[in-house]
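Reading through the structure tokens given below for one structure.
The values are calculated or read from the model by the stated rules, or taken from the named source; none is laboratory data. Model, not experiment: these values are computed from the prediction. Ideal geometry is used to build each Cβ from the backbone, glycine not excepted, and the neighbour counts take in all protein chains shown. Ligands, DNA and RNA are excluded from the accessible area calculation, which covers all protein heavy atoms including side chains. Shrake-Rupley method; radii C 1.70, N 1.55, O 1.52, S 1.80 Å.
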Amino acid sequence: MRHELRVFLIALQFLTRVHVPAGLGYRDEWLHASARHFPAVGLLVGGFGALVLWASAWAWPLAVAVLLSMAATVWITGAFHEDGLADTCDGLGGAVSRERALQIMKDSRIGSYGAIGLLLVLALKAAALHGLASRDLVLALLALPAAHALSRGVPVVLLVLLRYAGDAEHSKAKPMAQQVSHASLGVALGWCLLAALVALMSGVGGVALGAAAAALVAITVLAARWLQRRLGGYTGDTLGAAQQVAELVVYLALLAAPGPR
């Protein structure tokens, strides 16, 4: 149990700005193992966003509260996944070779594809969350931790299905540049199931959650096939992009599901 807590804290440190105890220690294999707790970190990030949304809704219109909530989650993660989305759009947006795409994604500068892709995804997330909050604020509050947790399960699945496509020796997170074990995948999916059950018991409809789950499966399959064809595997940037798109898909699925409007 103590080891699992340490691995979870490493995942928290890797994915967010949250400071962990200085005496935690570090080993490459712990960072690799921490992938199994990515959805758990998503629960915390989404919970933080829900708290900001709830508090902001008391003082400002829903549109402002939604944007403040999104800003809070971007801040606490250091725009970690959003940066990956922008780099992936830049690298894979044009008709370039695999080698050129990987080179573009290493460039810290943002291009036209990256800017447009990032703005569209953020705008769609804001619109979907506003739609959920306008229908039922509690639904939006529940959607945030569920979406952040479930969407972080998608990169873990991709880590199992695909190989690392870049230069592992020069990767910023070299220990992550290897396939995750099926046991770790099971733990990650367990966290996703817990997030879904909490949302279900808290009032999110089963039809809505089923639609979100089906959409996530579809996005995961499409992402795996596309990345394999374009790059021969995944990179850290593409994992971040997959999380962002998956999060958006959850909001859209919940919004599209039947319910009071």
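Per-structure values
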item: Selection status of L137, in contact (Cβ under 8 Å) with a residue 12 or more places away in the chain and over 16 Å from the mean Cα position of the chain (by Cα); result: yes
item: Helices (runs of 4 or more DSSP H) wholly inside segment 62-155 containing at least 3 residues that are open to solvent by less than 10 Å² (accessible area, probe 1.4 Å); result: 62-77, 80-92, 112-135, 137-151
item: Number of the condition not met by E169 [criteria: (1) at pLDDT below 90; (2) buried (at least 20 other Cβ atoms within 10 Å of the Cβ); (3) assigned to a helix (DSSP H, G or I)]; result: (2)
item: Residue within segment 202-216 that is in contact with a Ser or Thr (Cβ under 9 Å, 6 or more places away or on another chain), in a helix (DSSP H, G or I), modelled with pLDDT of 95 or more and under 25 Å from A79 (Cα atoms) present; result: yes
item: Residues satisfying the stated conditions in segment 7-33, i.e. of a type in the set (F, W, Y) and modelled with pLDDT under 90; result: Y26, W30
item: Enumeration of residues in segment 230-253 that are open to solvent by 10 Å² or more (accessible area, probe 1.4 Å) and closer than 15 Å to S134 by Cα; result: L252
item: Qualifying positions in segment 58-87 - in contact (Cβ under 8 Å) with a residue 60 or more places away in the chain and touching a Phe, Trp or Tyr at 6+ places or on another chain (Cβ under 9 Å); result: A65, S69, T73, I76, F80
item: Top-ranked residue of segment 1-53 - restricted to ones that are small (G, A, S) and in contact (Cβ under 8 Å) with a residue 40 or more places away in the chain, ranked as surrounded by the fewest Cβ atoms within 10 Å (Cβ to Cβ); result: G47
